[in-house]
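Peer 1: Structure provided below as C-alpha cells; questions to follow.
Read-outs: derived from the displayed coordinates by stated rules, not from any lab. All of these numbers come straight from a predicted model, not from anything done at the bench. When we count neighbours, we look across all protein chains shown, and the Cβ atoms used for this are built from the backbone with ideal geometry, even at glycine.
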Amino acid sequence: MNKKLIGLFALLCSGVVSAATYSTPVKPVVVVNDGLLGQRVCYYDGKSFSLGSILQVGKHYMICKEAFDYESNGNLRWYPLDEDKASSSKK
C-alpha cells in the first residue's frame, strides 16, 4: 500500500516538474526626455525654431511653416522664402 501511495505521489509530482514554461520577450521601453515633446518646431544645426522663424542659410532664406496646409497641428518643416519677403524681413 505504501509503495502504491509513493508511486502515485511521484507520478503526480513529475507532471508539475516537467511542465513547460513559456514566456514572451520583453520589449524595451522607449523614453523620450525632451522638453520640446509635443511642441511643433523646425530643427537646424541642433537648434529648434518655432513656427514662422526665418533663417538665412548661405544666400538663401528659409521659413519654418506647416508641412501640410490642411493640418493645424501637424509637423513643421523648412521652406524656401520668397526673395521679396526676405528683403522686407531684414529691414
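Peer 1: Per residue of segment 60-69, what does 6.51 cos²θ - 1.76 cosθ + 1.60 with θ = phi - 60° give for ³J(HN,Hα)? Whole Hz please, x for Gly and Pro, Karplus curve as stated.
Peer 2: Along segment 60-69, the couplings run 9, 10, 10, 10, 8, 9, 5, 5, 10, 5 Hz.
Peer 1: If amide hydrogens are placed 1.01 Å from N in the peptide plane, which non-local residues have theirs closer than 5 Å to the one on Leu81?
Peer 2: Sorted by chain and number, the residues that satisfy this are Tyr61, Met62, Ile63.
Peer 1: A follow-up question, please. Read phi for every residue in segment 49-54 and hand back ³J(HN,Hα) as whole Hz from Karplus 6.51 cos²θ - 1.76 cosθ + 1.60, θ = phi - 60°, with x for Gly and Pro.
Peer 2: Result, ordered by residue: 10, 7, 4, x, 5, 10 Hz.
Peer 1: What does the highest-first list of 58-65, 22-29 look like by mean Cβ count within 10 Å?
Peer 2: Working: 58-65: 14.8, 22-29: 5.2.
Top of the packing list down: 58-65, 22-29.
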